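A.B. asks: Okay, handing you the structure first.
The values are calculated or read from the model by the stated rules, or taken from the named source; none is laboratory data. Values in this document were obtained by computation on a predicted structure and should not be read as measured data. Neighbour counts are summed over all protein chains in view; Cβ atoms, including those assigned to glycine, are modelled from backbone coordinates with ideal geometry. The protein model used for the area step is the full one, side chains on, heavy atoms only, and it has no ligands, DNA or RNA in it. Shrake-Rupley method; radii C 1.70, N 1.55, O 1.52, S 1.80 Å.
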Amino acid sequence: WQMPNLAWEENMAFHTRALLSACAMAALCASASAETITIATVNNGDMIRMQGLTKDFTDKNPDIEVKWLTMEENVLRQRVTTDVATKGGQFDVMTIGTYEVPIWGKQGWLVSLNDLPESYDADDILPAIRGGLTVDGELFAAPFYGESSMVMYRKDLMEKAGLEMPEAPTWDFIVEAAKAMTDKENEVYGICLRGKAGWGENMAFLTAMANSYGARWFDMDWKPQFDTPQWKEALTTYLDVMNEAGPPGASSNGFNENLALFQTGKCGMWIDATVAASFVTNPKDSQVADKVGFALAPDKGLGKRGNWLWAWSLAIPAGTQKEAAAKKFIEWATSKEYLELVAAEEGWANVPPGTRTSLYENPEYQKVPFAKMTLDSINSADPQNPTVDPVPYVGVQFVAIPEFQGMATVVGQAFSAALAGSMDADAALAAAQATAEREMKKAGYLK
């Protein structure tokens, strides 16, 4: 009686193999019909959160699979720049900044997003942010989050100094307050500002500050302007206030170092990215969370404030073979619905800031203590007209030309050296002028 049993087992094995084979074929067919898009992004909190919410996108778009490549900022820039310039097609969606968008859009390296559906409501994107991502009327990237810079200050120390922070302070007030709030014996410094060299570190702050002093990188003929009284006044003010009221070793401090100083109660004021507001007011991380006030970045009464404008945005390289799927992803990740999804999962304070007008009209978001000042700061920046006198470039804390990165890094090293005391303001400005003239001649802007 064993024979029929063996036959039955063989029969079952055959059917199992057939069933498994059929299942494998079905899975293969399903995966073959699903289109995979590769997304290159920066390794920061908001992007990590977006990856965690990808299932919402794939559930709504079962014919699209998503492959993430997450990189440190400098590595990301290098990889996407190489890929987009050669039309290598490695990536279908790239995370890029406001610096790259106008340059790459003009070069024809990015796909226009002007045909996103009406339901996307591109007109809801904040005008200042949208302006920085638009070239000749074409939107070339969709903002994932946007930021400006503003004054974050200790209300208790300001009161102790007998002063009151205006909503829109001048540089003169900031300098006065910084000195009055300084108590070096107790390691309290009136002001913390970026001193670390780099085009996106000290030069982001100093370029935006210089704009408000009437300075500019270049005149309308692309001649460098570091030998002007406006640049001298801006740099001298920065060096003087940092030497009198700043922390020791400031020439090594960037965003993260100043954040740590502020959170541990060692800064009276910090002028930096609006995105820092959620960190300095979070009681889990900040010892002064309940003592923080906000104000607009300072001005000199010339019509421009010393604040910058930046957005991490999603763009499609012209080399992609999967343009339609890539647009669907960008539409999802930068939509009003995505903001609501994050709010439902993480709370309104953790929603990517600075992109949509409707977010700032939302009564729930208006309860977030830094929401209004962030919006006012973004709206006071104008990347199309960043300076008091006219300039041939766009960009607030940067100049949107390919040569800027290298040039501004060298200039930043000179200004950082001046803060460290190894050269004076005049020598640093002379070095900046020589560097800029050399690079602009080499690139063919100047004869």
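A.B. asks: Would you kindly derive the ³J(HN,Hα) couplings of the range 321-330 from the backbone phi angles with the Karplus curve 6.51 cos²θ - 1.76 cosθ + 1.60 (θ = phi - 60°), listing them in order in whole Hz, with x for Gly and Pro?
C.D. replies: 9, 10, 4, 5, 5, 4, 5, 4, 5, 4
A.B. asks: Same structure again: Out of all DSSP beta bridges in the chain, what portion is antiparallel? Express it as a percent rounded to 5.
C.D. replies: DSSP beta bridges in the chain are roughly 65 percent antiparallel.
A.B. asks: Compute the separation of the alpha-carbon centres of the range 406-441 and the range 376-397 and state it in Å as a whole number.
C.D. replies: If we compute the Cα centre of each part, the gap is 23 Å.
A.B. asks: Still on this structure, please answer the following. 5 Å is the cut-off here: which amide hydrogens, built 1.01 Å from N in the peptide plane, fall below it relative to Gly146, excluding neighbours closer than 5 in sequence?
C.D. replies: Under 5 Å from the amide H of Gly146 lie the amide H atoms of Gly354, Thr355, each far enough along the sequence or on another chain.
A.B. asks: List, in order, the whole-Hz ³J(HN,Hα) value for each residue of the range 98-111 obtained from phi through the Karplus relation with A = 6.51, B = -1.76, C = 1.60 and θ = phi - 60°; use x for Gly and Pro.
C.D. replies: Calculated HN-Hα couplings, in order: 5, 5, 6, 4, x, 5, 6, x, 5, 6, x, 8, 10, 8 Hz.
A.B. asks: Please work out the FRET efficiency for the pair Asp290 and Ala260, using the Cβ-Cβ distance as r and a Förster radius of 22 Å; give the result to the nearest 0.05.
C.D. replies: The calculated FRET efficiency here is 0.75.
A.B. asks: Now a separate question. Carbon and sulfur atoms: what percent of the 1.4 Å accessible area of the chain do they account for?
C.D. replies: 51
A.B. asks: Continuing with the same structure: Taking a ≥ b ≥ c as the square roots of the Cα gyration tensor eigenvalues, with a/c under 1.5 meaning rounded and otherwise prolate when a/b beats b/c, else oblate, which class fits the range 51-158?
C.D. replies: Cα axes put the range 51-158 in the rounded bin.
A.B. asks: Express the accessible area of the chain per residue in Å², computed with a 1.4 Å probe while the remaining protein chains stay in the model.
C.D. replies: Accessible area per residue, the chain: 44 Å².
A.B. asks: Another question, then. Per residue and in cubic angstrom, what volume does the convex hull of the Cα atoms of the chain have?
C.D. replies: 187
A.B. asks: To the nearest 20 debye, what charge dipole does the range 105-197 have about its Cα centre, counting +1 at the Cβ of each Lys and Arg and -1 at the Cβ of each Asp and Glu?
C.D. replies: 540
A.B. asks: Quick one: net charge around Ala34, please, counting Lys, Arg +1 and Asp, Glu -1 for every other residue with C-beta under 9 Å from its C-beta.
C.D. replies: -3
A.B. asks: Taking amide H atoms as placed 1.01 Å from N in the peptide plane, list the residues 5 or more away in sequence, or in a different chain, whose amide H sits under 5 Å from that of Thr170.
C.D. replies: Here Asp299 satisfy the definition.
A.B. asks: Next question. Using a 7 Å offset from the Cα along the Cα-to-Cβ direction at both Ala417 and Glu337, what is the distance between the two label points in nm, to one decimal?
C.D. replies: 5.5
A.B. asks: What shape does the range 247-406 take by its C-alpha gyration tensor, where a ≥ b ≥ c are the square roots of the eigenvalues and a/c under 1.5 counts as rounded, a/b above b/c as prolate, and the rest as oblate?
C.D. replies: Here the range 247-406 falls in the oblate category.
A.B. asks: Right, another one. Which ³J(HN,Hα) values, rounded to whole Hz and listed in residue order, are derived for the range 163-175 from phi using the Karplus coefficients 6.51, -1.76 and 1.60 in 6.51 cos²θ - 1.76 cosθ + 1.60 with θ = phi - 60°, glycine and proline given as x?
C.D. replies: The phi angles translate into 10, 10, 6, x, 5, 10, x, 9, 4, 4, 5, 4, 4 Hz.
A.B. asks: Additional query: Please give the contour-minus-distance gain from Leu163 to Asn43: 0.36 nm per residue of separation, less the Cα-Cα distance, rounded to one decimal in nm.
C.D. replies: Full-extension gain reported as 39.2 nm.
A.B. asks: So for the pair Glu65, Lys155, with labels modelled 7 Å out along Cα→Cβ, what separation do we get in nm?
C.D. replies: So the two model labels end up 5.3 nm from each other.
A.B. asks: Still on this structure: Asp121 to Asp56: FRET efficiency via 1/(1 + (r/R0)^6), r the Cβ-Cβ distance, R0 25 Å, to the nearest 0.05?
C.D. replies: The pair Asp121/Asp56 has a calculated efficiency of 0.85.
A.B. asks: Take the cross-link list Lys55/Lys106; Lys336/Lys367; Lys328/Lys372; Lys179/Lys232 and give me the ones stretching past 27 Å between alpha-carbons.
C.D. replies: Lys55/Lys106; Lys328/Lys372
A.B. asks: What is the distance, in nm, between label points placed 7 Å from the Cα along the Cα-to-Cβ direction at Ala443 and at Glu323?
C.D. replies: 2.9
A.B. asks: Let me ask something additional. With the cut-off at 1.5 for a/c, could you classify the range 335-380 from its C-alpha gyration tensor as rounded, prolate or oblate?
C.D. replies: prolate
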